[in-house]
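Read through the structure below, which is laid out as structure tokens, and then see the notes.
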Amino acid sequence: MPTLIVTAHPDPDSLTLAVARRLRDALAASGPVELADLAAEGFDPRSTAADRHTYRTGKDPASDVAAEQARLDRADHLVLVFPVWWWSVPALLKGWLDRVFVNGWAFGVGDDGRIERRLGRLTVHLVPIAGDDAGVYERHGYGEALRTQLEHGVVDYCGAVRGATTFVHESEHEDPVVRERAVTAAVDAVVAAVGG
């Protein structure tokens, strides 16, 4: 099962990229894996007038957007690995979602005006890298808000399949044992979901 891991962090030494690389290595036993480091690749997250045209018409995507859609078309699984910044995804990943998951590819509007959800063949897994502990997320509803935004707002809207959503909490904990436990649990959950 081909898997595409997409990550968005400007620091090549970040825990986010370390988790993405570890996932890539662990998933390689299940089939082909590609790691897309949007920052290193220089993906431009800014929407343009041309992107708006594509969104309205469902046609003529920019070449970089078409390349991302082609990469996703080759995958059965998409794993988004990202730091939680201001209780959301980084602007780079948000821009990637905005520009790539558009009308004409991720969804369409039928003649009857109903939304056609076009990504039913794709299973999407989420690995948010969170600085706070799980209790903070639970008490304030941050985890639920993030899950609603991405699982319902993107995955469900496009008709994709919800895969594993597994937070790496306490990513900034000074004890490397605590961090390692969280990373291992997240990697194991995604590997099980992709392999199962």
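The values are calculated or read from the model by the stated rules, or taken from the named source; none is laboratory data. Just so it is clear, the structure is predicted and the values come from calculations on it, not from any experiment. Every residue, glycine among them, receives a Cβ derived from its backbone with ideal geometry; neighbour counts consider all protein chains shown.
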Do any strands (runs of 3 or more DSSP E) entirely within segment 103-196 hold 3 or more residues that are modelled with pLDDT under 95 and surrounded by 20 or more Cβ atoms within 10 Å (Cβ to Cβ), and if so, which? none
In this structure, is PRO45 in a loop (DSSP other than H, G, I, E, B) and touching a Lys or Arg at 6+ places or on another chain (Cβ under 9 Å)? yes
Options ALA26, ALA39, ALA20, ALA8: the member that is surrounded by 16 or more Cβ atoms within 10 Å (Cβ to Cβ) and over 16 Å from the mean Cα position of the chain (by Cα): ALA26
Scope segment 59-75; condition part of a loop (DSSP other than H, G, I, E, B), more than 16 Å from the chain's Cα centre (by Cα) and loosely packed, with under 15 Cβ neighbours inside 10 Å; matching residues: LYS59, ASP60
From the list VAL124, VAL168, VAL109, VAL154, which one is more than 24 Å from PRO45 (Cβ to Cβ) and of a type in the set (A, V, I, L, M, F, W, C)? VAL109
Going by the structure shown, is LEU78 assigned to a helix (DSSP H, G or I) and among the hydrophobic types (A, V, I, L, M, F, W, C)? no
Please go through segment 174-196 and give me each residue that is over 19 Å from ILE5 (Cα atoms) and free of Cβ contacts under 8 Å to residues at least 12 places away in the same chain, ordered by number. GLU174, ASP175, PRO176, VAL177, VAL178, GLU180, ARG181
